[in-house]
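Here's the structure we're looking at; comments come further down.
Each reported figure results from applying straightforward, stated rules to the coordinates on display, with no laboratory input. Here the structure is a predicted model, which is why all the values come from computation and not from measurement. Neighbour counts are summed over all protein chains in view; Cβ atoms, including those assigned to glycine, are modelled from backbone coordinates with ideal geometry.
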Amino acid sequence: MARVTPDDVRHVAMLARIALSDHDVRQLEQELTRLLDYMDQLRRVATDGVEPTTHVLPLKNVLREDVIQPGLRSDVVATLAPHRQGAFVKVPKVLE
Amino acid sequence: MNEWLTLTAQALAEQLRRGELQPSDVLRALAARIADINPLVHAYIEADLESALTRAAVLERGPRRGKLYGVPIGVKDNICVAGRETACASRILAGFRAPYAATVIQRLEAEGAVMFGRLNMDEFAFGSSTETSAYGITKNPWDLDRIPGGSSGGSAAAVAADCAFACLGSDTGGSIRQPAALCGVVGLKPTYGRVSRYGLIAFASSLDQIGPLTKDVTDAALLLEVIAGHDPADSTSAPLEVPSYTQHLTASVEGLRIGIPQEYLGAGLDPEVKAALAAAGQQLEQLGMRCEPVTMPHTPSAIATYYLIATAEASSNLARYDGVQYGLRVTDGTGTTLRAMYEQTRAQGLGAEAKRRILLGTYALSRGYYEAYYLKALKVRTLIKQDFDRAFERYDCLLTPTSPTPAFRIGERIHDPLSMYLSDICTISANLAGVPALSLPCGLTRDGLPLGMQLLGRPFEEARLLQIAYAYEQATAWHTKHPEAVAHA
């Protein structure tokens, strides 16, 4: 039986960088508990000696020649940013 | 309604190539149809006629060639079309204009297609009903009080309502097939790696595939053969030749062995869906195939497995929406720190279901829970894939319902996330195993709602699925039915 506490919700919200109201926390506590209760059925599946599958295709380390390829221009990409200065993205101060 | 609007993409392309119609005339007629119907169905977020006409004018000055010469194609709002807004139906990406075109778009345009319209979807493809879109709900053309399915609900509804000749969707857990079934059109999720994901805004990178939603099986074959194939820009695209799916549609299906997984027929299956599937099995037998029951014992674990893996991958993929590089940025005046900007931007830019999935995925990946949830799910994924490997040793194809029920009512499940997740029971295993799967119409309920059957095949055997589906379609008339609710708007 999964038990998600309000502190658990605040912790994952901090990790995911999402601000939550107290109301959000209470609601997500209930929703995540119910969902994880359902997920807990997997505990009953025997997986000893079973390898995990992260990916279904037998492709590993796809390489190409080390030659410069055309890419998106940084000045064009910077125009997508909500705040910018020239070809740079502007953000609030990082250090206090 | 203009008579050409009911044509398939292939039939339209033939008329356009012969010069009997002009691409710009088709676009104007389609735009008029959308203007009539979209206020009822809301399949399109936007349909910019001017940019499409500019493209049509270029085509009209050149030679009339290409498999999709002059054919308008609708695009789900998570596939990048250069210079066009692409927002995944989310506030957090509002205003984002894609600086490049997805590989599938480049390939369609190289065959003469005209991209026309942004199709509505669940926000970031998180949903099975198109109710989580930040741009409003799409309605099912067969019953405007019901959902069209999701997440490619706009694409499916547009094709069903003759507001599009064909559309692209994306399928992470059934997002092409389930809306195709609920709207009475054909939807194909290719094998993982068959179609490049370059320019598809990522939800769950080990599960996502782009595919077509079309009026018939021939169009699904046509669009797949145009968009499929290796792409150096997507390292997970398979370096394999692409067969000519349209040329092999009529291959014999006699003697093929069809497995019917019994786990898909259990509790929760609507009786009318069950009856339609039994009739579909009989039809395949009349066409010379042999249907037998098969067991796939790990099927009941698929939803829990899927929602752990998909949300874990989504929590990582959506970390990039932080107000820095594109889309929405929320700051509360001066003195805001970078951290506060991230948290406020995501709090205000993401909808409730997106937050729920990001937090569930973050939880499953976090210290102390990684092994119990995420790693466990990856191991069960192996067992689910092995079920398919074993079934395909004996059977050429598997037959299941696409959805356990016909379209449900708007609002019926949106406040109960688990009940919404459970509606994906028939479609998610194909994504976990990476196998191709196709949904096609196989009946109508007493209330006149469409039902779909799903064919699942061995990896990279889309050609066989299409052959079986084509044979079934030739023998039945379900694909010719049209929704009355939007017939004469």
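Taking region A:62-76, which residues are charged (D, E, K, R) and either surrounded by 11 or more Cβ atoms within 10 Å (Cβ to Cβ) or outside any loop (DSSP other than H, G, I, E, B) (or both)?
A:ARG73, A:ASP75
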Task: Residues located in region B:357-380, provided they are more than 7 Å from chain A (Cβ to nearest Cβ) and either more than 25 Å from the chain's Cα centre (by Cα) or surrounded by fewer than 24 Cβ atoms within 10 Å (Cβ to Cβ) (or both) - done: B:ALA364, B:LEU365, B:ARG367, B:GLY368, B:TYR369, B:TYR370, B:GLU371, B:ALA372, B:TYR374
Open item on the list: Looking only at region B:134-150, filter to residues that are surrounded by 24 or more Cβ atoms within 10 Å (Cβ to Cβ) and touching a residue at least 60 places away in the same chain (Cβ under 8 Å); which one of those is farthest from B:GLY448 (Cα to Cα)?
Closed with: B:THR138
Open item on the list: For the list (1) touching a helix residue (DSSP H, G or I) at 6+ places or on another chain (Cβ under 9 Å); (2) touching a residue at least 12 places away in the same chain (Cβ under 8 Å); (3) among the small types (Gly, Ala, Ser), I need the number of the one condition that B:ALA372 fails.
Closed with: (2)
- [ ] Just name the residue that is farthest from B:ARG329 (Cα to Cα) out of those in region A:16-36 that are surrounded by fewer than 16 Cβ atoms within 10 Å (Cβ to Cβ) and within 9 Å of chain B (Cβ to nearest Cβ).
- [x] A:ARG34
Task: Index of the failed condition, B:GLN348 passing every other in (1) surrounded by fewer than 18 Cβ atoms within 10 Å (Cβ to Cβ); (2) facing chain A (nearest Cβ under 8 Å); (3) in a helix (DSSP H, G or I) - done: (2)
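Can you tell me which residue in region A:77-92 is nearest to the other protein chains (Cβ to nearest Cβ), limited to those that are assigned to a loop (DSSP other than H, G, I, E, B) and more than 24 Å from the chain's Cα centre (by Cα)?
Step by step, filter region A:77-92, then rank; the result is A:THR79.
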TODO: Just need a number here: residues in region B:90-113 that are within 14 Å of chain A (Cβ to nearest Cβ), crowded, with 21+ Cβ neighbours inside 10 Å and within 20 Å of B:VAL58 (Cα to Cα).
DONE: 0
Open item on the list: Pull out all pairs, ordered by first then second residue, where Cβ-Cβ is under 9 Å, the residues are six or more apart or on different chains, the first lies in region B:54-73 and is under 22 Å from B:ILE34 (Cβ atoms), and the second is outside any loop (DSSP other than H, G, I, E, B) and of a type in the set (Lys, Arg).
Closed with: B:TYR69/B:ARG17; B:GLY70/B:ARG17
TODO: For region B:236-255, enumerate the residues that are within 14 Å of chain A (Cβ to nearest Cβ), over 17 Å from B:LEU168 (Cβ atoms) and surrounded by 14 or more Cβ atoms within 10 Å (Cβ to Cβ).
DONE: B:THR236, B:ALA238, B:LEU240
Task: Scope region B:74-89; condition within 14 Å of B:SER152 (Cα to Cα) and either among the polar types (S, T, N, Q) or part of a strand (DSSP E or B) (or both); matching residues - done: B:GLY74, B:VAL75, B:LYS76, B:ASN78, B:ILE79
Task: Residue list for region A:37-61, filter: more than 7 Å from every other protein chain (Cβ to nearest Cβ), assigned to a helix (DSSP H, G or I) and free of Cβ contacts under 8 Å to residues at least 24 places away in the same chain - done: A:ARG43, A:ARG44
- [ ] Could you tell me which residue of region B:325-338 is farthest from B:LEU207 (Cα to Cα), considering only residues that are free of Cβ contacts under 8 Å to residues at least 12 places away in the same chain and facing another protein chain (nearest Cβ under 7 Å)?
- [x] B:THR336
TODO: Tell me which of these B:VAL294 doesn't satisfy, since it passes every other one: (1) more than 30 Å from A:ALA46 (Cα to Cα); (2) in contact with a Pro (Cβ under 8 Å, 6 or more places away or on another chain).
DONE: (1)
Open item on the list: Taking the condition of being touching a Cys at 6+ places or on another chain (Cβ under 8 Å) and either within 18 Å of B:ILE384 (Cα to Cα) or crowded, with 16+ Cβ neighbours inside 10 Å (or both), how many residues in region B:256-280 meet it?
Closed with: 8
Open item on the list: Being of a type in the set (Val, Ile, Thr) and more than 30 Å from B:GLU60 (Cβ to Cβ) is the filter here; which residues of region B:114-162 pass it?
Closed with: B:THR130, B:THR132, B:ILE137, B:THR138, B:ILE147
TODO: Would you check if there is a residue in region B:280-297 being in a helix (DSSP H, G or I), more than 10 Å from every other protein chain (Cβ to nearest Cβ) and under 22 Å from the mean Cα position of the chain (by Cα)?
DONE: no
Task: Hits in region A:1-15 (condition: within 9 Å of another protein chain (Cβ to nearest Cβ) and surrounded by fewer than 18 Cβ atoms within 10 Å (Cβ to Cβ)) - done: A:HIS11, A:MET14, A:LEU15
Open item on the list: Please pick out the residue among B:SER206, B:SER151, B:SER175 that is more than 28 Å from B:ARG55 (Cα to Cα) and touching a His at 6+ places or on another chain (Cβ under 6 Å).
Closed with: B:SER206
Task: Residue check, B:ILE425 hydrophobic (A, V, I, L, M, F, W, C) and closer than 20 Å to B:GLY187 by Cβ - done: yes
